Structures are given as structure tokens and as C-alpha cells.
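Here's the structure we're looking at; comments come further down.
No lab work stands behind these numbers, since they all come straight from the coordinates. All figures in this text were calculated on a predicted structure; none of them were measured in a lab. A quick note on method: Cβ atoms are made from the backbone with ideal geometry, for glycine too, and the neighbour counts reach across all protein chains shown.
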Amino acid sequence: MIEINLIGTALGCETFLPWLRAHPHTSHLINVASIAGILAPPSMAAYSASKAGVIALSESIAAECGQRRPGVTIVCPGFFRSGLLTTWHLSSLLESKEATRRMRSAWWSSERVARQALRAARLNRRYLVVGVTARWLWRLKRLAPRVTTCIIRMVYKRLTRD
């Protein structure tokens, strides 16, 4: 997971940043992380760490570029409809059931996330947190990190009882 999500993103940035910097009027870097990279839910340590790394990598690139291009947008979606679960190896039946439930109930599609990412890049937004719940949890995490962790832990405990 670390190799694909973090190292793969880092290699892609290393490969394309010279070209992006050489074309400053039209360039923008969009890296896809996850709300899990911010919230770090239980039982998702490797995934959360890899996505938190993508966020840190993207922030570092933005700091290096300053006000110059390329601009940097970090996309942090919650669950959205995609083919991810067909290739994702979840470590427990509980995680699999919950991920499947959330994926099925999500009204965001991968196409809609992509359109929003392109719009955020055009507006030169640093973060795009996709989904109402994800945005509220992101705000809460910034204001009250311990409370957010406690809420996430309580939700996870409730899931393990079902």
C-alpha cells in the first residue's frame, strides 16, 4: 500500500514536476489522497499512513513552488462509487462489509470527483475534501483533534458490536 499510494505518487511527481515547472502558465499538480489520510480511522493504518504521506508530499511541493506554478491541489475524498473494492484487500470481514456498505450508499461517483478536482485546480484550491461528512470531519479534526478521534473510535466500536 505504501509503495503504490505514496511511493508511486512521489515517483510521478518526480517525473512530471520538471515539465510542470517548465510550463508555468498552464500547469497544475493534482494528487489524490483520502480523508483517511487526515482522520486515520482504526484498522486502516497502512492506508491512512500512505495517504497522509501523499498530503505531506503535496504540501512540500506547494511550499517549494511558493506563488509560482505549478499550483497544487490535494483531493481528499471520502467514500465514492468506484471499482476500488474489487482490488482492495481488506484485513477483516467487518472492514469489507463496512466499506461495501459505504461504497453502495455513496452518491459521489469517480467521474464527479474528477470533475470537482479539475474545478478545484482551475480555482487553484489547495484542498478539495469531497463529501459533506468528510468536510465536517475535516473541519472538526482541525478544531478539536482529540474529539474527532474519539468520535471515530466510537463509530468503529459500534461497528464491531454489530
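Structure notes:
- Of all residues in region 106-117, exactly one satisfies the criterion of being closer than 25 Å to PRO24 by Cβ and either touching a residue at least 60 places away in the same chain (Cβ under 8 Å) or touching a Pro at 6+ places or on another chain (Cβ under 8 Å) (or both), namely ALA117.
- Residues of region 26-57 classified as in contact (Cβ under 8 Å) with a residue 40 or more places away in the chain, in contact with a strand residue (DSSP E or B) (Cβ under 9 Å, 6 or more places away or on another chain) and assigned to a helix (DSSP H, G or I), total: 4
- Hits in region 63-75 - residues which are assigned to a helix (DSSP H, G or I) and buried (at least 18 other Cβ atoms within 10 Å of the Cβ): CYS65
- Screening region 124-143 for residues that are in contact (Cβ under 8 Å) with a residue 60 or more places away in the chain and surrounded by fewer than 16 Cβ atoms within 10 Å (Cβ to Cβ) and picking the one that is farthest from LYS51 (Cα to Cα) gives ASN124.
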